[in-house]
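Heads up: the structure comes next, in structure tokens.
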Amino acid sequence: MSERPRKSPERPPGLTLTSREGTPYRFDPGALCLELLPTGGPGAFARFEVLHEPADLVAWAHRSRLQRGLELAVSERELARARELRDALFLLTADRAHGRRLQPPHLGAVNEAAAEPPLVARIAPDGTRTWAPGATGTQLLSTLARDAVDLFTGPYAARVRECGAHDCRLLFVDTSRPGRRRWCAMEHCGNREKARAHRARRTAD
């Protein structure tokens with residue numbers, strides 16, 4: 001009797017970020033589209049830009065929750081469109097997190113990207129999900145935009161939030177059952193803010 005093929009272990013969803021002190025921590029924004037936001041952003045957030053060349057977007061895709069098997073080719077034009085979509089998503093998500101009206105230009109950027117053909121998923125022989133070869137940056141952006149449409153029109157739209165730390169602007173969707181997530185990551189901002197509150201209480205006493 002032949003052995004069944006073993007499934008390759010998948011990484012837990014989320015990204016590994018680095019604090020100002022140089023300490024790595026795990027940040028799970030709860031949705032594929034929101035994983036793109038820490039790569040930079042509009043205005044003052046442009047100083048965090050990491051998508052400088054097409055290879056940077058390919059590397060990000062391989063670290064994302066798209067997981068394994070994605071063979072991706074990205075052009076310079078698609079990279080520029082990725083930054084444009086990311087900036088629109090950043091502003092759209094921040095507006096949703098703070099209960100502000102969603103702006104038509106940001107919605108238009110998402111809808112335009114979503115109108116393109118997305119990545120094509122396949123089932124691998126080991127039973128895991130993989131992707132059809134020949135994937136393009138345009139297909140990647142469509143998949144991200146469609147994920148954003150699902151998020152902002154779905155049951156978790158009211159749970160889009162900004163980290164509760166006073167100096168953190170990371171955005172996420174709270175998919176936990178209780179719905180009480182406040183921090184980008186407990187090991188990062190959660191612990192820092194608890195220590196900060198404790199010091200403030202001691203000073204007040």
Checklist entry - Charges only on Cβ, +1 for Lys and Arg, -1 for Asp and Glu: so what's the dipole of the chain about the Cα centre, in debye to the nearest 20? => result 1020
Next on the checklist: Can I get the semi-axes of the range 5-82's equivalent ellipsoid? Compute them from the C-alpha gyration tensor as square roots of 5 times the eigenvalues, in angstrom, largest first.
Outcome noted: 23, 19, 10
Checklist outcome for this item: Between S19 and L107, the FRET efficiency computed from the C-beta separation at R0 = 35 Å comes out, to the nearest 0.05, as 0.60
Item to check | Accessible surface, the chain, averaged per residue in Å² (probe 1.4 Å) | outcome: 57
Checklist outcome for this item: What helix-only [θ] at 222 nm does the chain give? Using -39500 (n - 2.57) per DSSP H run of at least 4, over all residues, to the nearest 500, the answer is -12000 deg cm²/dmol
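Please report the carbon-and-sulfur percent of the accessible area for the chain; probe 1.4 Å, protein heavy atoms only, DNA, RNA and ligands left out. Intermediate values should be presented prior to the final figure.
Details: 6150 of 11740 Å².
Summing carbon and sulfur atoms, their accessible area is 52 percent of the total for the chain.
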Item to check | L170 long-range amide H proximity, modeled H, under 5 Å | outcome: C163
Checklist outcome for this item: re the chain: pairs of Cα atoms spaced beyond 26 Å account for a percent value of 39
Checklist entry - With axes computed from alpha carbons, what is the tilt in degrees of helix 54-63 against the longest principal axis of the chain, rounded to the nearest 10 within 0 to 90? => result 80
Checklist outcome for this item: Using eta = 0.890 mPa s and T = 25 °C, Stokes-Einstein with Kirkwood Rh from Cα pairs puts D for the range 66-130, in µm² s⁻¹, at 174
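The values are calculated or read from the model by the stated rules, or taken from the named source; none is laboratory data. Since the structure is predicted, the reported quantities are computational estimates derived from the model, not experimental observations. A quick note on method: Cβ atoms are made from the backbone with ideal geometry, for glycine too, and the neighbour counts reach across all protein chains shown. In case anyone asks, the SASA skips ligands and DNA or RNA and just uses the protein heavy atoms, side chains included. Shrake-Rupley method; radii C 1.70, N 1.55, O 1.52, S 1.80 Å.
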